[in-house]
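Trainee: I have a structure I would like to understand better, so I am pasting it below and will then ask my questions one at a time.
Where a number appears in this text, it was derived from the coordinates with a stated rule and is not lab data. Worth saying up front: this structure is predicted, and the values here are computed from it rather than measured. Reconstructed Cβ throughout: ideal geometry from the backbone, glycine too, with neighbour counts over all protein chains shown.
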Amino acid sequence: MRVVVTGAAGFIGSHVAEALAGAGHEVLAVDAPARSLAPEAARRRWAGLAEVPGVTPIETDLAEDDLAKLGEADTVVHLAGRPGIRSSWGAGRAVVRRDNVLATRRLLAACAERRPRVVVASSSSVYGSAGHRPHREDDPLAPASPYAESKAEVERLTRCAVRDGLPAVVLRYFSVYGPRQRPDMAFHRFVEAALDGRPLPVFGDGRGSRSFTHVRDVVRATVAAAETDLPPGVAINIGGTDPVPVRAAIGLITGALGVEARTHSEDPVAGDAERTWADTGRAARLLGWRAEIGLADGLRDQIAWHRSLRAEGAR
Ligand SMILES: NC(=O)c1ccc[n+]([C@@H]2O[C@H](COP(=O)([O-])OP(=O)(O)OC[C@H]3O[C@@H](n4cnc5c(N)ncnc54)[C@H](O)[C@@H]3O)[C@@H](O)[C@H]2O)c1
């Protein structure tokens, strides 16, 4: 199968592109690393992808460049975009409109004629905060930040394309972590601080909780979606654990590193959910997927990656 992976220089996209190539697919990797929230890390992953057999990297800005070629694939896995709630406020609002909404609108238009299977990345943030039960995919959306609003709009655009005959589906990822995690994300910041001997920077009081999901589990779900005929327009939660308090995750990190759990509190991020919680029944039914990697094991995996980066002098 010829598969386009957008956002292939990204944290999740680089793993997905490698896994699809490893499964024998011909992968066209698409990214514009300069558009990344962390361009240096993106350029490093992009250079790494060029070495992977079966992957052809093509630098393309989805918001500007000609995308006609991308619509000729059998499957398009659309992971490109500007992630992150914090950076989406202020000037970030225009960035998420461009790299999430406009980029997706253009990509879907490029797919309109040949109608490849399309898998679109969305986010748990479209739900807002969870109450006393996990979020199900048919729950009403309550986006509370420009980022979450942009993802809700990406989903709406996808549903419109489905009405026009495109076999597209949406995966809602929940707090992904593991090797290559973006430098702005909590676990990345925690591990780096702990390895430096600094207090860990915690937004707010650290009482919030998350359905954390290891990137290898996310890759398995995404590859399964890329290889399966799913009901067009369906949204599927891809979430790992039941909600784990951020403070408990900090305990696991500092415990694994054998350091004292010293933290300092930073202002809470507006629009950040107090709790995310994934109901994954639909993922189990449609993809035969459930998360397999527990948080303690997964964090050890991420810590080993941070150590390897330091050993290479590439932090
Ligand atoms: N990491 C998570 O926890 C998480 C959770 C929910 C949803 N998501 C979504 O999953 C996707 C991947 O997330 P990630 O953490 O790997 O992010 P990432 O920033 O590491 O990867 C996104 C990639 O998209 C590229 N990109 C941005 N704008 C582009 C454009 N106009 N044209 C081409 N490429 C462009 C960037 O250069 C970057 O390499 C994103 O859509 C994100 O919103 C991620």
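Trainee: Using helices alone, what [θ] at 222 nm do you get for the chain, with -39,500 (n - 2.57) per DSSP H run of 4 or more residues, divided over all residues and rounded to the nearest 500?
Mentor: -11000 deg cm²/dmol
Trainee: Another question, then. Extension gain Val259-Lys69, at 0.36 nm per residue separation less the Cα-Cα distance, in nm?
Mentor: The span from Val259 to Lys69 would gain 63.3 nm if fully extended.
Trainee: How large are Rg and Dmax for the stretch 1-70 when calculated on the C-alpha trace, in angstrom?
Mentor: Spelled out, the Cα radius of gyration and Dmax of the stretch 1-70 are 11.1, 31 Å.
Trainee: Considering only the other residues whose Cβ falls under 13 Å of the Cβ of Ser150, what net charge follows from Lys and Arg at +1 and Asp and Glu at -1?
Mentor: Net charge around Ser150: +3.
Trainee: In whole angstrom, how far apart do the alpha carbon centroids of the stretch 18-71 and the stretch 194-251 sit?
Mentor: 23 Å
Trainee: So, one more: What fraction of the Cα pairs in the chain, stated in percent, has a spacing above 28 angstrom?
Mentor: 35 percent
Trainee: After finding the eigenvalues of the alpha carbon gyration tensor for the stretch 202-253, what semi-axes result from the square roots of 5 times each, listed largest first in whole Å?
Mentor: 30, 12, 7
Trainee: Evaluate the distance, in nm, between pseudo-label points positioned 7 Å from the Cα of Arg310 and of Arg198 along their respective Cα→Cβ axes.
Mentor: Each label point is offset 7 Å from its Cα along the Cβ direction, giving 1.3 nm.
Trainee: Another question, then. Within the P(r) computed for the stretch 194-306, what percentage of the Cα pairs occupies the region above 24 Å?
Mentor: Counting every Cα pair in the stretch 194-306, those more than 24 Å apart make up 37 percent.
Trainee: Within the stretch 82-105, what residues put their amide N at less than 17 Å from the label point 7 Å along the Cα-to-Cβ vector of Cys160?
Mentor: 97-105
Trainee: Net charge around Asp217, counting only other residues with Cβ within less than 12 Å of its Cβ (Lys, Arg = +1; Asp, Glu = -1)?
Mentor: 0
Trainee: Looking at the stretch 52-148, which GluC sites (Glu not before Pro) are in a loop (DSSP not H, G, I, E or B) and have at most 12 other Cβ atoms within 10 Å?
Mentor: Within the stretch 52-148, the qualifying GluC sites (Glu not before Pro) (loop, at most 12 other Cβ atoms within 10 Å) are Glu113.
Trainee: With 16 Å as the cut-off, how large is the P(r) tail for the stretch 62-135, expressed as percent of Cα-Cα pairs?
Mentor: 56 percent
Trainee: Right, next: Kindly provide the chymotrypsin sites (Phe, Trp or Tyr not before Pro) of the stretch 117-186 that DSSP labels as loop, not H, G, I, E or B, and whose Cβ sees at most 15 other Cβ atoms within 10 Å.
Mentor: Passing sites in the stretch 117-186 do not exist.
Trainee: Using only the Cα atoms of the stretch 32-160, each taken as one equal point scatterer with no solvent, compute I(q) by the Debye sum, divide by I(0), and report log10 of the ratio at q = 0.19 Å⁻¹.
Mentor: Log10 of I(q)/I(0), two decimals: -1.15.
Trainee: How many nm separate the modelled label positions at Arg133 and Leu286, each set 7 Å beyond the Cα in the direction of the Cβ?
Mentor: Output for this residue pair reads 2.0 nm.
Trainee: A further question follows. For the stretch 119-184, just list the percent of Cα-Cα distances falling in each 10 Å bin from zero outward, please.
Mentor: Using 10 Å bins, I get a P(r) of 19, 47, 29, 6 for the stretch 119-184.
Trainee: Please report Rg over Rh for the stretch 133-267, where both radii come from the alpha carbon positions and Rh follows the Kirkwood definition.
Mentor: Across the stretch 133-267, the Cα-based Rg/Rh ratio is 1.04.
Trainee: Something else about it: In degrees, nearest 10, range 0 to 90: what is the angle between the Cα axis of helix 11-22 and the longest Cα principal axis of the chain?
Mentor: 60 degrees
Trainee: P(r) for the stretch 228-271: what percent of alpha-carbon pairs falls in each 5 Å bin, starting at zero?
Mentor: 5, 13, 15, 15, 14, 12, 8, 8, 6, 4
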